[in-house]
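Take a look at the structure set out below.
The numbers here are math on the coordinates, done by the rules we state, and not lab data. Computed from a predicted structure; not experimentally measured. Every residue, glycine as well, gets a Cβ built from its backbone with ideal geometry; the counts of neighbours run over all protein chains shown.
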Amino acid sequence: MKILAVEFSSDQRSVAVAVDGKILATAAETATRATHAFALIEQALAEARLEREQIECLALGLGPGSYTGIRSAIALAQGWQLARPIKLLGVASVECLAAEAQANGWFGKVNLVIDAQRNELYLARYEISPEGYCEVGPLKLATLDEVRSQSSAGEIIIGPGVNRWFSEGRALFPSAASLGRLAASRADFLPGEKLEPIYLRETNFVKAPPLRVLPAG
């Protein structure tokens, strides 16, 4: 299967082209206010010598992470599926991090940490070995002190920009290449309208008051 993987959940945004699990091409940029999504896609497709019409599946990193980046990727996927009969697949970005940690040989109890703003972190705990990895603590919101206690217990701390909080942490960003390899073994496809960012907080908003009618005269 020819897969285009899009991972925009962190400041290191990337796309990759995979065919039957083999990565043919990648393109990446450091996020600014604008994400050059189509330029990255065209660059990766050109390197892989494929046309847009040949892509059979679009895989997305669903976060958690940059809400704007993830929403941009979802909008791209939804528009693509409206234009062409393409399969869509969403993968948690922490799973990409776990796969990359394994590839780097970082084995043992591993804490995957992503900035959640508001002085909180997204935290998922994995047991990683040369044979594979498995989740031992589901993704949740955590405090800095909670993650620090895991580090004090000798566990590994990994994540995008993690050195901002933990000097002993190992910086690692979810990549489209890892996403593409993971997607090759998955078949839990979704229609575009079912794709949602992984966001653990309830959405809060304040309803605008009704318009005030001023007396005439």
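Would you please give the FRET efficiency between GLU51 and ARG170, computed as 1/(1 + (r/R0)^6) with r the Cβ-Cβ distance and R0 = 35 Å, to the nearest 0.05?
With a Förster radius of 35 Å, E is 0.35.
When the helices in the chain are scored as -39500 (n - 2.57) per DSSP H run of 4 or longer and the sum is shared across all residues, what 222 nm value do you end up with, to the nearest 500 deg cm²/dmol? Before the final figure, lay out each step's value.
On the way: 5 runs with 57 residues, N = 217.
Helix-only estimate at 222 nm: -8000 deg cm²/dmol.
Full extension from LYS2 to ASP20: what is 0.36 nm times the residue separation minus their Cα-Cα distance, to one decimal in nm?
Computed gain between LYS2 and ASP20 is 5.8 nm.
Roughly how many Å is it from the Cα centre of the stretch 63-135 to that of the stretch 148-197, as a whole number?
Using only Cα atoms, the two centres lie 4 Å from each other.
Only counting other Cβ atoms within 10 Å, I'd like PHE38, PHE173, PHE8, PHE107 sorted with the fewest neighbours first.
PHE38, PHE107, PHE173, PHE8
Of LEU50, ILE156, ALA77, which is farthest on the positive side of the dipole of the chain, counting Cα position, with +1 on Lys and Arg Cβ, -1 on Asp and Glu Cβ, and the Cα centre as origin?
ALA77
With N residues in the stretch 94-171, what two-decimal value do you get for its Cα radius of gyration over 2.2 N^0.38 Å?
0.98
Just the number, please: percent antiparallel of the DSSP beta bridges in the chain, rounded to the nearest 5. Please report the intermediate quantities before stating the final value.
Values: 30 of 44 bridges.
Taking every DSSP beta bridge with both residues in the chain, the antiparallel ones total about 70 percent.
Would you work out if the chain is rounded, prolate or oblate? Take a ≥ b ≥ c from the square roots of the eigenvalues of the alpha-carbon gyration tensor; rounded if a/c is under 1.5, else prolate when a/b is larger than b/c, oblate otherwise.
In terms of gyration-tensor shape, oblate.
For the stretch 24-65, state which trypsin sites (Lys or Arg not before Pro) are in a DSSP loop and have at most 15 other beta carbons lying within 10 Å of their beta carbon.
For trypsin sites (Lys or Arg not before Pro) across the stretch 24-65 that sit outside H, G, I, E and B with at most 15 neighbouring Cβ atoms in 10 Å, the list reads ARG33, ARG49.
Find the lysine pairs in the chain meeting two conditions, Cα atoms under 19 Å apart and a separation of 8 or more places or different chains, and report how many there are.
Details: LYS2/LYS22; LYS2/LYS87; LYS22/LYS87; LYS87/LYS194; LYS109/LYS140.
Here the count comes out as 5.
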